[in-house]
Amino acid sequence: MRPVPVVTLPDGSQKTVAAGTTLQAIAESIGKRLAQAAIACRLDGTIVDLTTPLAEKTEPHTLQILTDKDQDALEVLRHSCAHVMARAVVRLFPGTQLAFGPPIENGFYYDIDSPTPIREEDFPRIEAEMAKIVAMAEPFERFERTVPQGRELVAGMGQQYKIEHIDEELHRFGSLSFYRQGEFIDLCRGPHIPHAGRIGAFKILSIAGAYWKNDSNRKQLQRLYATAFFTQKDLDEHIKRMEEAKKRDHRLLGKQLALFTISQQVGPGLILWMPRGALVRGILENFIKDELLRLGYLPVYTPNIGKLELYRTSGHFPYYRDSQFPPLYQHPAAQALDLIQHRLVAGELTLEKEQEMEKFLAQASLSIPGYLEAKTQAEKLALVDDFGRDLIAKFQVVVHGYDSAKDRAGRARALLTWLENQEGYLLKPMNCPHHIQIYKAEPRSYRDLPLRLAEFGTVYRYEQTGELSGMTRVRGFTQDDAHLFMTPEQVEDELHKNIELVLFVLKTLGLNDYRVRIGLRAKNSDKYVGSNEDWDTAEASLIKVVKALDMRYTAEEGEAAFYGPKIDFVVRDCIGREWQLGTVQLDYNLPKRFDLEYAGSDNQSHRPVMIHRAPFGSMERFMGILIEHFAGAFPFWLAPEQARILPVSDKFNDYAKSVEARLREHGFRIAGDYSSDKVGAKIRQASLDKIPFMLVVGDKEQQAGGVAVRHRVKGDQGMITVDALIAQMEQNVKTRALD
Ligand SMILES: [Zn+2]
Ligand SMILES: [Zn+2]
């Protein structure tokens, strides 16, 4: 007997249907309203079209009908709108070649190659053409072809990129799927909305250059960015949020307010803190340092590099090799052989790995003869292999087992053994190994624990160039790091204190909307270090602490690190964007790898547990988030320039300077505007510079020994004496007032 398909719906109920019944028909059998609202379905975990017929299956299918309430449905809508946009572009720009058009966060794009390049001025008429297509509400119809038939179809349409894509990748599949909408046919996996009329609102946002398949060796195309929503209201809100986000962009404000800069001569992703930014950072650091001292942390300083051996022990090298700056080997040939080794073990390479490797070679100024011209993987690997052999001969390096190795993999292994014995240094990717050495510098007893070592420690990671962004994605950054060494019994208490500290700091900065993610281990997996009892206790403690503090949280199984469970902090800023801050992580692994111990009350040797915590992740990232959160207008206690004196004319410059000196004596960060500008212009400039207090002085103020206070937000506050002003400012700093 042929199996009859059964579907299980989200409410747990089951339905038996005839094989071949479409999901749309199932939706209709559930209810008319649901069928009308349906956009797509999640069938056995995959998003599919409503027109999909249900296949025969012994096990019940799971089915969820997606409506405009589901984020996944929004993605289907956006991808469908990408087809509509491409269709409009092809109509207006005949001969346009289409590449890829996926949905992305907040929208979608389509990569195109048009005979006449598209400009921003063209957006309105493309949008008008799209509106026509949407109004027609034609269905998206899926059909399949064999690879040769499908290839013929796109060849007939003259779509060169689609042909290349079939020849390079899709030919491996048995068949190709297409979607037709009116006269427009696109090679596509889907899924799509039932018809274009479901697109409630859309907008073309920008146009940029992009390479075919994101490969800089291939043709440059144009990437047309746009977004779409189910309703006009959603689109309007989104555009408002985008405008607000643009005004708050820390990269623009950082430049405008002279907080930080990035110099290509120093290096991409390396932040140069300018005096104003450095002042804010210093105040933040002192604020945190004071809290840490109060909580019993001990400050340490450690160097920015460490021996390779240290990171081999910790496991940070070569495990994270790809995300680190290349190591500084002592042996002149080691750098090159490291790359060769890396290349040889890689064997079969994906396109992504291949690009990564080419960047590494370029970075090390290494050129392997013939490599760039080589066509196949096998050719490339053979060239690398030959190059390695030449290097070994040239530097007369003795690599045991290299000559006797039977194949490439054997030579890679021999090289690895040789490399593992090479001395060298690595830019510090993590602070932990250094702090561990401080722990080990003295014998420790249970009486010394917990030992809390804190450092604003600078670390380096080699992020891909394309991933770098302002202060939030960088290659060198300073973590607000600390490592806590404790007995297993102390874990809960330490976690509690850690979270309280984070909450205190977030509250102080007005970041009141936050949640935590608890990463737990996957049940029945053997990839974790540490005993089951320890894990159970630690996980229970984490949940208990978070619950006790009444925080919003989600607990996610399988999200723990292999060495311990963790908590991630996620903050929502005032325009609703979420930022992941740092983590608090328990660690059973490093104490073992470094053989850490303490003498217990039983006089026996025990292994401590470690906590790594960098609640803000890094000062760079945190600063970037704060700039956006405050839109550059730092509260008085953090502002790099707290007040600016604005004499109404140069007759009052002397008096203004005397006020400036007095405020400075009280420890405030003050400047004066002694330019020949009118006072109105001075006020405008001070507002642009987001100075909390503007202090206007003229005849009346000089007579009275006062200043006229103009507050950045509250406006005119009238005249007060300098003494009263100082008292008010001191109060502001003391309470860390946010306005
Ligand atoms: Zn599509
Ligand atoms: Zn650490």
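Do we find a residue being under 20 Å from Ala196 (Cα atoms), surrounded by 11 or more Cβ atoms within 10 Å (Cβ to Cβ) and touching a Ser or Thr at 6+ places or on another chain (Cβ under 7 Å) anywhere in the stretch 4-21? Looking for residues that are under 20 Å from Ala196 (Cα atoms), surrounded by 11 or more Cβ atoms within 10 Å (Cβ to Cβ) and touching a Ser or Thr at 6+ places or on another chain (Cβ under 7 Å), one finds none in the stretch 4-21, hence no. Inspection of the stretch 212-221 identifies no residue that is buried (at least 19 other Cβ atoms within 10 Å of the Cβ) and within 16 Å of ligand 1 (Cβ to nearest atom).
Gly715 fulfils the conditions (1) touching a residue at least 24 places away in the same chain (Cβ under 8 Å); (2) closer than 28 Å to Gly510 by Cα except for a single criterion, (1).
Any residue that is within 16 Å of ligand 2 (Cβ to nearest atom) and farther than 16 Å from Ile262 by Cβ - is there at least one of those in the stretch 464-480? So far as the stretch 464-480 goes, yes, one or more of its residues are within 16 Å of ligand 2 (Cβ to nearest atom) and farther than 16 Å from Ile262 by Cβ. Summed over the stretch 578-626, the residues that are of a type in the set (Gly, Ala, Ser) and either within 16 Å of ligand 1 (Cβ to nearest atom) or crowded, with 19+ Cβ neighbours inside 10 Å (or both) give a count of 5.
Across the stretch 381-416, which residue is farthest from Ala334 (Cα to Cα) among those that are of a type in the set (Phe, Trp, Tyr) and either buried (at least 18 other Cβ atoms within 10 Å of the Cβ) or touching a Ser or Thr at 6+ places or on another chain (Cβ under 8 Å) (or both)? So that I can check it myself, show each step before the final result.
Restricting attention to the stretch 381-416, the residues satisfying the condition of being of a type in the set (Phe, Trp, Tyr) are 387, 395, 402.
Narrowing the set further to residues that are either buried (at least 18 other Cβ atoms within 10 Å of the Cβ) or touching a Ser or Thr at 6+ places or on another chain (Cβ under 8 Å) (or both) leaves 387, 402.
Values: Phe387: 13, Tyr402: 15 Å.
My answer is Tyr402.
Among the residues of the stretch 308-334, those identified as surrounded by 19 or more Cβ atoms within 10 Å (Cβ to Cβ) and under 30 Å from the mean Cα position of the chain (by Cα) are Leu308, Leu310, Tyr311, Ser314, His316, Phe317, Pro318, Gln324, Pro327. Taken over the stretch 419-450, the residue count meeting the criterion of being away from ligand 2 (no atom under 16 Å from the Cβ), part of a helix (DSSP H, G or I) and surrounded by 16 or more Cβ atoms within 10 Å (Cβ to Cβ) is 2.
When the stretch 645-681 is limited to residues that are among the hydroxyl-bearing types (Ser, Thr, Tyr) and not in a helix (DSSP H, G or I), the one that is surrounded by the most Cβ atoms within 10 Å (Cβ to Cβ) turns out to be Tyr674. The C-beta contact set for the stretch 35-52 (first residue within 16 Å of Pro10 (Cα to Cα) and at pLDDT below 95, second residue in a strand (DSSP E or B) and among the hydroxyl-bearing types (Ser, Thr, Tyr), distance under 9 angstrom, 6+ apart or interchain) comprises Arg42/Thr62; Leu43/Thr62; Asp44/Thr62; Gly45/Thr62. On the stretch given as the stretch 74-94, residues that are free of Cβ contacts under 8 Å to residues at least 60 places away in the same chain and farther than 17 Å from Lys132 by Cα total 2.
Residue check: is Leu92 assigned by TED's automatic domain parsing to the domain that holds Pro115 and more than 16 Å from ligand 1 (Cβ to nearest atom)?
Criteria met by Leu92.
Scanning the stretch 587-644 for residues that are acidic (Asp, Glu) and within 26 Å of the chain's Cα centre (by Cα), we see that the one that is nearest to ligand 2 (Cβ to nearest atom) is Asp587. Across the stretch 164-193, the qualifying residues are those that are aromatic (Phe, Trp, Tyr) and surrounded by 15 or more Cβ atoms within 10 Å (Cβ to Cβ), and the one among them that is farthest from Pro103 (Cα to Cα) is Phe184.
Per the listing Phe504, Phe456, the residue uniquely of a type in the set (A, V, I, L, M, F, W, C), surrounded by fewer than 17 Cβ atoms within 10 Å (Cβ to Cβ) and in contact with a helix residue (DSSP H, G or I) (Cβ under 9 Å, 6 or more places away or on another chain) is Phe504. Filtering the stretch 296-347 to residues that are farther than 28 Å from Arg389 by Cα and at pLDDT below 85 leaves Gly315, His316. Hey, does the stretch 34-42 have a residue that's within 21 Å of Phe143 (Cβ to Cβ) and either part of a helix (DSSP H, G or I) or in contact with a Phe, Trp or Tyr (Cβ under 9 Å, 6 or more places away or on another chain) (or both)? The answer is yes; a qualifying residue exists. The residue that is nearest to Gly600 (Cα to Cα), counting only those in the stretch 487-501 that are surrounded by fewer than 20 Cβ atoms within 10 Å (Cβ to Cβ) and not acidic (Asp, Glu), is Thr487.
Within the stretch 385-414, being over 18 Å from Pro369 (Cα atoms) and either of a type in the set (Ser, Thr, Tyr) or in contact with a Pro (Cβ under 8 Å, 6 or more places away or on another chain) (or both) holds for Tyr402, Ser404. Has the stretch 508-528 got at least one residue that is under 30 Å from Ser445 (Cβ atoms), surrounded by 13 or more Cβ atoms within 10 Å (Cβ to Cβ), in the same structural domain as Ser605 (by TED's automatic domain parsing) and modelled with pLDDT under 90? Yes, the stretch 508-528 has at least one match. Taking residues in the stretch 460-486 that are under 21 Å from Tyr320 (Cβ atoms) and modelled with pLDDT of 95 or more, and partners anywhere that are within 12 Å of ligand 2 (Cβ to nearest atom) and part of a helix (DSSP H, G or I), the pairs with Cβ atoms closer than 6 Å and at least 6 places apart or on different chains are His483/Cys432; His483/His435.
The selection criterion, being part of a helix (DSSP H, G or I) and either more than 16 Å from ligand 2 (Cβ to nearest atom) or more than 38 Å from the chain's Cα centre (by Cα) (or both), holds for Ala25. Would a scan of the stretch 145-163 turn up a residue that is surrounded by fewer than 14 Cβ atoms within 10 Å (Cβ to Cβ), more than 16 Å from ligand 2 (Cβ to nearest atom) and under 24 Å from Val48 (Cα atoms)? Looking for residues that are surrounded by fewer than 14 Cβ atoms within 10 Å (Cβ to Cβ), more than 16 Å from ligand 2 (Cβ to nearest atom) and under 24 Å from Val48 (Cα atoms), one finds at least one in the stretch 145-163, hence yes.
Checked against the criterion of being under 20 Å from Tyr320 (Cβ atoms), away from ligand 2 (no atom under 16 Å from the Cβ) and part of a helix (DSSP H, G or I), the candidates Leu391, Leu416, Leu381 yield just one match: Leu416.
The values are calculated or read from the model by the stated rules, or taken from the named source; none is laboratory data. Everything quoted here is computed from the prediction, not taken from an experiment. A quick note on method: Cβ atoms are made from the backbone with ideal geometry, for glycine too, and the neighbour counts reach across all protein chains shown.
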